[in-house]
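Notes to accompany the following structure.
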């Protein structure tokens with residue numbers, strides 16, 4: 001077995017308590033994965049790559065960012081491997097090490113979302129979508145839905161800022177997250 | 001590094017409260033609406049409030065609650081994904097509540113997962129007060145709208161049966177209960193329901209007098225958080241959900257998640273390719289509200305993209321036809337019973353008259369007896 005240092009499997013086991021080596025590649029996770037048809041790597045293949053593949057190849061794969069965190073894989077794993085948690089951990093490490101190959105739109109969405117929470121304490125959908133559009137340049141995205149949403153009382157023009165917003169900033173700092 | 005302002009706030013809040021005794025128990029349940037119920041799904045909030053009022057369940061919104069972070073929070077950082085929801089649990093705890101109602105499935109999932117993580121992961125319980133800048137003992141239980149309504153199933157059934165003023169429009173309508181991911185996964189948070197074949201929402205549908213549909217896509221993912229950033233996936237996943245519900249005879253899909261709702265409702269137009277009738281997407285609280293006789297407006301049924309009006313009109317008309325039919329059948333049965341009673345009375349009268357008229361030789365004169373056969377008496 002060739003493993004690069006530091007060993008990704010060991011690192012993931014330390015972070016999640018899941019030993020990726022317990023996966024016996026039955027593929028039940030991938031059979032139920034709603035994004036399997038759109039991903040290069042399916043959940044059982046991510047598990048394999050974490051165990052044996054090179055660190056870079058595991059961390060730089062796009063598929064981990066297509067995960068919807070629906071947890072079907074973990075719920076159905078016959079050996080309690082929790083692929084969803086492993087994928088979460090791979091994403092975190094990839095992010096920390098600047099190796100994340102996140103599709104641009106998905107990354108922009110997460111960033112805009114977290115910025116909303118950090119500034120207001122709550123999500124302001126209109127602000128989120130505006131910020132997302134600026135980040136992606138996709139200005140016309142869902143423009144036709146906006147009047148309908150507004151008419152149905154589903155779009156607030158102003159953000160709903162909480163009083164304890166400094167507490168939220170503290171939480172972000174304590175967790176070491178800067179959107 | 002923490003800024004001065006942050007430290008000051010933290011001390012302000014943490015120190016006095018940490019020394020205080022555990023808060024006095026509060027009545028009812030704490031209510032965590034979450035951002036969607038204040039933003040894109042106000043009808044879930046409206047219908048929930050109307051239904052809990054009708055059922056007599058006291059709920060109090062947690063003051064100054066914050067976003068639970070779903071799903072960008074825990075997708076980005078595990079600790080952030082725990083800490084953001086934990087602040088809300090700490091707020092409810094400080095108010096003396098021992099249960100938090102989180103109707104949004106995504107919020108429910110994050111709050112329940114945070115509670116689980118703090119209870120199970122090494123050192124997290126000790127670190128949490130420092131991260132939050134608040135005391136936190138992780139004593140508050142989290143539950144969702146489906147669990148709340150399921151607990152009150154018998155009461156709903158009783159109230160639906162007792163409301164005689166209007167016929168129940170839901171009687172016999174076929175509804176597909178769609179749970180998606182977040183109410184049932186991970187299985188530890190599914191509240192005792194089967195994560196692959198959950199039935200709690202189906203039970204509530206039946207308690208409302210409607211019929212649950214047996215179908216295949218109950219716990220499939222709708223694409224959730226990719227609604228904006230990868231709409232094509234959401235359309236692909238939603239289409240298969242809607243087609244399966246329709247194939248199995250559903251007249252509407254029932255959800256308990258604002259993300260599922262907006263994906264299936266707002267984006268349904270893009271999912272329908274063959275010109276089929278659109279399938280209304282109802283919140284479970286709206287279904288219960290309709291069964292309890294609450295007005296459609298109170299339940300926010302006018303806020304959907306797939307119009308609910310045609311379905312509701314049809315249901316009301318069907319209920320009227322049903323009531324007419326029941327009345328007709330009852331009248332028919334009554335008329336039949338009356339005719340039978342009249343006939344019987346007449347026969348008895350005739351019998352009595354004959355018995356009175358032929359008082360003399362006893363066994364010889366039974367009317368139906370053939371002449372000469374009287375001897376057998």
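Let's see how each residue does on (1) at pLDDT 85 or above; (2) within 15 Å of residue B:226 (Cβ to Cβ); (3) facing chain B (nearest Cβ under 9 Å); (4) in contact with a strand residue (DSSP E or B) (Cβ under 6 Å, 6 or more places away or on another chain):
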residue	(1), (2), (3), (4)
A:85	yes, no, yes, no
A:90	yes, no, no, no
A:93	yes, no, no, no
A:107	no, yes, yes, no
A:112	yes, yes, yes, no
A:115	yes, no, no, no
A:122	yes, no, yes, no
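Can you pull out the helices (runs of 4 or more DSSP H) entirely within the range A:20-74 that have at least 3 residues that are more than 15 Å from the chain's Cα centre (by Cα), closer than 22 Å to residue A:111 by Cβ and at pLDDT below 90? Explain how you work it out, then say what you get.
On the way: elements: A:28-32, A:43-52, A:55-59.
Passing ranges: none, list empty.
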task: Could you list all residues from the range B:16-42 that are at pLDDT 90 or above and either in contact with a strand residue (DSSP E or B) (Cβ under 9 Å, 6 or more places away or on another chain) or on the phi > 0 side of the Ramachandran plot (or both)?
output: B:29, B:30, B:31, B:32, B:33, B:34, B:41
Long-range neighbours under 7 Å by Cβ, at least six apart or interchain, first residue at the interface with chain B (Cβ under 7 Å from one of its Cβ atoms) and at positive phi within the range A:160-178, second crowded, with 18+ Cβ neighbours inside 10 Å and in a loop (DSSP other than H, G, I, E, B): none
task: Could you check, for the range B:292-307, whether at least one of its residues is assigned to a helix (DSSP H, G or I) and more than 15 Å from residue B:49 (Cα to Cα)?
output: yes
task: Sort out for me the helices (runs of 4 or more DSSP H) sitting completely within the range B:195-271 that have 1 or more residues that are within 14 Å of chain A (Cβ to nearest Cβ) and more than 19 Å from the chain's Cα centre (by Cα).
output: B:226-229, B:231-247, B:258-266, B:268-271
Residues of the range A:45-66 satisfying the condition of being free of Cβ contacts under 8 Å to residues at least 40 places away in the same chain, surrounded by 23 or more Cβ atoms within 10 Å (Cβ to Cβ) and either within 20 Å of residue B:222 (Cβ to Cβ) or away from every other protein chain (no Cβ under 11 Å) (or both): A:47
- request: Name the single residue, out of those in the range B:225-244 being touching a strand residue (DSSP E or B) at 6+ places or on another chain (Cβ under 9 Å) and crowded, with 21+ Cβ neighbours inside 10 Å, that is nearest to residue A:69 (Cα to Cα).
  value: B:241
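Okay, residues lined up against (1) touching a residue at least 40 places away in the same chain (Cβ under 8 Å); (2) more than 18 Å from residue B:176 (Cβ to Cβ); (3) in the same structural domain as residue B:169 (by TED's automatic domain parsing):
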{"position": "B:266", "(1), (2), (3)": "no, yes, yes"}
{"position": "B:270", "(1), (2), (3)": "no, yes, yes"}
{"position": "B:275", "(1), (2), (3)": "no, yes, yes"}
{"position": "B:289", "(1), (2), (3)": "yes, yes, yes"}
{"position": "B:310", "(1), (2), (3)": "no, no, yes"}
{"position": "B:313", "(1), (2), (3)": "no, yes, yes"}
{"position": "B:328", "(1), (2), (3)": "no, yes, no"}
{"position": "B:333", "(1), (2), (3)": "no, yes, no"}
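Kindly provide the set of residues from the range B:36-51 that are in a loop (DSSP other than H, G, I, E, B) and without any contact (Cβ under 8 Å) to a residue 12 or more places away in the chain, ordered by number. Full working, then the answer.
Step one: filter the range B:36-51 for residues in a loop (DSSP other than H, G, I, E, B), giving B:39-41.
Answer for the range B:36-51, where residues must be in a loop (DSSP other than H, G, I, E, B) and without any contact (Cβ under 8 Å) to a residue 12 or more places away in the chain: just B:39.
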field: residue A:143 vs. criteria under 23 Å from the mean Cα position of the chain (by Cα) and either facing chain B (nearest Cβ under 8 Å) or without any contact (Cβ under 8 Å) to a residue 40 or more places away in the chain (or both)
entry: no
message: Condition first: surrounded by fewer than 24 Cβ atoms within 10 Å (Cβ to Cβ) and in a loop (DSSP other than H, G, I, E, B). Now tell me which residues in the range B:174-189 satisfy that.
response: B:186
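Only helices (runs of 4 or more DSSP H) wholly contained in the range B:75-166 count here; list those with 1 or more residues that are under 20 Å from the mean Cα position of the chain (by Cα).
Because the criterion is at least 1 residues that are under 20 Å from the mean Cα position of the chain (by Cα), the helices (runs of 4 or more DSSP H) in the range B:75-166 that meet it are B:105-120, B:145-151, B:153-162.
The values are calculated or read from the model by the stated rules, or taken from the named source; none is laboratory data. What you are looking at is a predicted structure, and each value in this text was computed from that prediction instead of being measured. Reconstructed Cβ throughout: ideal geometry from the backbone, glycine too, with neighbour counts over all protein chains shown.
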